[in-house]
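Everything below concerns the one structure shown next.
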Amino acid sequence: MAQKVQFTETVVRDANQSLMATRMAFSDFADILSTMDKAGYYSVECWGGATFDSCLRYLNEDPWERLRNIRKAMPNTRLQMLLRGQNLLGYKHYHDDVVEKFVELSIKNGIDVLRIFDALNDFRNIKTALEATKKYATDKTVASGCISYTQSPVHTPAKYAEMCKELQSMGFDTICLKDMAGTMSPAEAEALFKGIKDAGVTLPLILHTHCTTGMAYMTVMKAVESGVDIIDTATSCFSGGTAQPATESIYYALTQMGIETGLNEKVINQVNDFFKPVKQKYIDNKTLNPKSMATDAQALVYKVPGGMLSNMIANLTDMHAMDKFDAALAEIPAVRADMGYPPLVTPLSQMVGNQAVTNVLVGARYKNISKEIKSYLKGEYGITPAPVDAELQKRVLAEAGMEKPIDCRVEDCKRTGEDFKAAKEALGDLARSEEDVMSYICFPDQAKKYLEGVKAAEENKVTYTITEA
Ligand code: CO
């Protein structure tokens, strides 16, 4: 039987997010959706991540309505979203009932595949979302457990295989390795995917990577040779740079190797033809910075993601301290080790980067500790991959009058999140639906402003109708 590798198309979510900060309006891609529905993708990633924030804040769109419209136009394709476990679409820990409601509404409005991850790979933080997915599942629903990929002395292929086994025993349907910084090398991909299969993991495996450092095509190819089942790609004009490798190119390469993809060549080319002028429009209005389309191997040299480097350069420039750049860069591995080697993904990348800069500027390690690093050391972000520096943690705990770090989920021992009922009351008559309440819980200011706009437009429309009559 021929090997089969399926494709998840990312043009409207991750490629859109990575290349142009999710500024693509629904009206820009609405007309191609019915064609995309015939492409034969495993799924189309179209929601979650930054789509909510961007829709409400910049595009004056209701993210739920966008999802329903995509659903209507693509009845035959799995629609996929990225969900940050207990943090939903942000960085706060929400209550279980809010997480459950969010998952229920996502499925109700058209999501089929929920790719669920936690920045620290603390799987307690994805359990509620998984259980809710199972509870509200239709016959098309897929719960995909996702691992944030990073490199460190404790992140061995054996450790990843262990994590995959845990996701499998938790009841997930598929497993994704998410290489957000694009630093997974071909050799690492081979060791990982073979190791995972050898450990007895039978669930379909997915590779999500980015072209940032230039390795993605090689890494995808090695992953394919090592048994990956699904890969994430973007239509070629929105591929490369900080986005995914190109759908058509990988289709071409795999087809020649006799690997089945299920893709329709004519349709995937039509999709690319459609998006070319869309891309040009955003280059012309400067939304799409050509810099994000280039390859930058710096992340391989410094072992930090590109976004984290540019953030650090911006901070140091603001403080007129760019002469400290090399020292701050050299400080990052030390801070990361003290924190127990967290994956450098938002917000951990910023937290580690800022602390490294502070250590260097103050001239003494941890003389000043940021509020976020303190909460992290108190256990509020979850279980760290390796133990944190014991002395440092003791100091922070003593300062807070705590004997030991929180050892349960934040949700269980420190309820800080939003309450659905309270949010509904706060929104009052602006809420047209439960979906509106959920938008407000996730992005209160943006959602309120958007809904006030909707209400004002409604009132104007009524006045207009009366005048006409
Ligand atoms: Co990504």
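Taking every alpha-carbon pair under 8 Å whose residues sit at least 6 apart, the stretch 1-111 reaches a relative contact order of 26 percent. For Lys374, the aspartates and glutamates whose Cα falls under 20 Å of its own Cα, not counting residues fewer than eight places away in the same chain, are Asp118, Asp122, Glu331, Asp338, Asp389, Glu391, Glu399, Glu403, Asp407, Glu411, Asp412.
In the chain, the DSSP-assigned H stretches of four residues or longer account for a calculated mean residue ellipticity at 222 nm of -14500 deg cm²/dmol, using -39500 (n - 2.57) per stretch and the full residue count as denominator. Dipole size of the stretch 36-178 about its Cα centre, with +1 on Lys/Arg Cβ and -1 on Asp/Glu Cβ: approximately 200 debye, rounded to the nearest 20.
Here's the picture: charge each Lys and Arg Cβ at +1 and each Asp and Glu Cβ at -1 in the stretch 1-87, and of Leu79, Tyr58, Phe29 the one pushed furthest to the positive end of that dipole is Leu79.
Listed by chain and number, the lysines whose alpha-carbon sits under 21 Å from that of Lys324, ignoring those within fewer than 8 places in the same chain, are Lys303, Lys367.
Identify, among Gly379, Asn368, Val352, the residue whose Cα sits farthest towards the positive end of the charge dipole of the stretch 265-388, taking +1 on the Cβ of Lys and Arg and -1 on the Cβ of Asp and Glu, with the dipole about the Cα centre. Positive-most Cα among the choices belongs to Gly379. Relative contact order of the chain: 16 percent, from C-alpha pairs under 8 Å at least 6 residues apart in sequence.
Dividing the mean sequence gap of close Cα pairs (under 8 Å, 6+ apart) by how many residues the stretch 294-388 holds gives a relative contact order of 28 percent.
Counting only protein heavy atoms and a probe of 1.4 Å, the accessible surface of the chain is 52% carbon and sulfur. Reducing the stretch 108-172 and the stretch 42-94 to their Cα centroids gives an inter-centroid distance of 18 Å.
With one equal scatterer per alpha carbon and no solvent term, the Debye-computed log10 I(q)/I(0) for the stretch 31-175 at 0.09, 0.15 1/Å reads -0.29, -0.78. For the stretch 191-270, the equivalent ellipsoid built from the Cα gyration tensor has semi-axes of 22, 16, 10 Å, listed from largest to smallest. Taking the convex hull of the alpha carbon positions in the stretch 313-368 and averaging its projected area over all directions gives 3.6 nm². In this structure the stretch 123-241 gives 32 Å² per residue of accessible area when probed at 1.4 Å with all protein chains present. What the Cα convex hull of the chain gives, in volume per residue, is 165 Å³. Using only side-chain charges placed at the Cβ, +1 for Lys and Arg and -1 for Asp and Glu, the dipole size of the stretch 157-281 relative to its Cα centre rounds to 340 debye. Checked against a 18 Å cut-off, the cross-linked pairs Lys72/Lys140; Lys72/Lys178; Lys4/Lys127 give Cα-Cα distances beyond that limit for Lys72/Lys178; Lys4/Lys127.
The values are calculated or read from the model by the stated rules, or taken from the named source; none is laboratory data. These numbers come from a predicted model, not from an experiment. Because the Cβ atoms are built from the backbone with ideal geometry, glycine has one as well, and the counts that use them run over all protein chains shown. Just the protein is used for accessible areas: all its heavy atoms, side chains included, with ligands, DNA and RNA removed. Shrake-Rupley method; radii C 1.70, N 1.55, O 1.52, S 1.80 Å.
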